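The values are calculated or read from the model by the stated rules, or taken from the named source; none is laboratory data. Everything numeric in this text was worked out from a predicted model, so none of it was measured. Cβ sites come from the backbone with ideal geometry, for glycine too, and all protein chains shown count toward neighbours. Heavy atoms of the whole protein, side chains included, go into the accessibility calculation; ligands, DNA and RNA do not. Shrake-Rupley method; radii C 1.70, N 1.55, O 1.52, S 1.80 Å.
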Amino acid sequence: MGKKVLNEQLNTQNDATYQVIDITKIYPNPFQPRHIFDKDRLEELAKSIKKSGIYQPLILRQPIAALERYEIIAGERRYRASMLAGLEQVPAIIRNFSDEATMEAAIIENLQREDLSPLEEAEAYQAMIKELNLTQAQVSERLGKSRPYIANYLRLLGLPTGVKLMLQEGRISMGQARTLLAIKQPQALEKLAQRTVEEGLTVRQLEEIVTKFNLDKDREAAQKQKRKNKSPFIRELENQLGERFGTRALVVAKSKQKGKIEINYDSIQELDRILDVLNISLD
């Protein structure tokens, strides 16, 4: 069901009834993708409703005909603002909507407002895939979005919980979050996300840091693989050298007869200590 078809269903009066419903009998849409409703904007809408009433009826459905319980298909902001305004009844159009149509209506209504957070939008797409058994391609077709667009948002769900909170609260942007996803180690990703917030890193700066981080990790992995492929004799020699000098030592065999020994140090103080072990004085 695409936007055009869904909007036509929402706006048509066919198979629909107009009623005034007690607000206590109305419940939020269980498929509502929005988790955060701006308090100030709700209060502004509540003041307008209190003064002038509701111009656009809520669109509801009655899942169980025998129960006077109505779920919101569209208009949850108006419903919340009406409660703030102290209304006891609200105008509504009652439609016979399936779970599938209700979910799509909630998602499309919020997407058309264009103020869903990136994470809320991602969760909405994931809900359609899971609840309606759709593929990413089918979601993109129904919502009029490109498949890469849908895929990029779904990737956000792979962020660590702490970083998701940063994104939800607007402390990092969609572009920054996507850049951070290139780091596969969760702890390193969270640490860099925190640094991004503290230092105000731009997406370009973040891309440079992430690229260097991944290159360094690739080098480390390559060195570990080389070490793994070394003979037991070379590995034992490296271990003994490391213990002798208290730092990482590397033995590189260039041939059966030739090679080199590398002894690493991370500070001048460590170099001085190694020289002492070798009984070398530069005085």
Name the pairs: first residue in the range 73-102 and under 15 Å from Pro28 (Cβ atoms), second residue of a type in the set (Gly, Ala, Ser) and assigned to a loop (DSSP other than H, G, I, E, B), Cβ to Cβ under 9 Å, at least 6 apart or on different chains?
-> Val90/Gly75; Ala92/Gly75
Residue among Leu215, Leu282, Leu206, Leu278 that alone is closer than 30 Å to Leu167 by Cα and either surrounded by fewer than 12 Cβ atoms within 10 Å (Cβ to Cβ) or modelled with pLDDT under 80 (or both) | Leu215
Please determine, by comparing only the residues of the range 254-275 that are within 23 Å of Glu220 (Cβ to Cβ) and of a type in the set (S, T, N, Q), which one is surrounded by the most Cβ atoms within 10 Å (Cβ to Cβ).
-> Asn264
From the list Ile183, Ile172, pick out the single residue that is within 30 Å of Val139 (Cα to Cα), among the β-branched types (Val, Ile, Thr), in a loop (DSSP other than H, G, I, E, B) and over 13 Å from the mean Cα position of the chain (by Cα).
-> Ile183
Quick one: Val251 ticks every box in (1) modelled with pLDDT under 90; (2) open to solvent by less than 90 Å² (accessible area, probe 1.4 Å); (3) assigned to a loop (DSSP other than H, G, I, E, B) except a single one, so which number is it?
-> (3)
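Yes or no, residue by residue, for (1) without any contact (Cβ under 8 Å) to a residue 24 or more places away in the chain; (2) touching a helix residue (DSSP H, G or I) at 6+ places or on another chain (Cβ under 8 Å):
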| residue | (1), (2) |
| --- | --- |
| Met174 | no, yes |
| Pro186 | no, no |
| Asp216 | yes, no |
| Gly246 | no, yes |
Restricting the search to the range 68-81, which residues are within 14 Å of Asp22 (Cα to Cα) and in contact with a Lys or Arg (Cβ under 9 Å, 6 or more places away or on another chain)?
-> Glu68, Arg69, Tyr70, Glu71, Ile72
Just one of the numbered conditions (1) buried (at least 22 other Cβ atoms within 10 Å of the Cβ); (2) out of contact with any helix residue (DSSP H, G or I) (no Cβ under 6 Å at 6 or more places or on another chain); (3) of a type in the set (A, V, I, L, M) is not true of Ala124; which one?
-> (2)
Filter the range 123-150 down to the residues that are outside any loop (DSSP other than H, G, I, E, B) and small (Gly, Ala, Ser), then identify the one that is farthest from Ile36 (Cα to Cα).
-> Ala137
Taking the condition open to solvent by 90 Å² or more (accessible area, probe 1.4 Å) and at pLDDT below 85, does Lys230 pass?
-> no
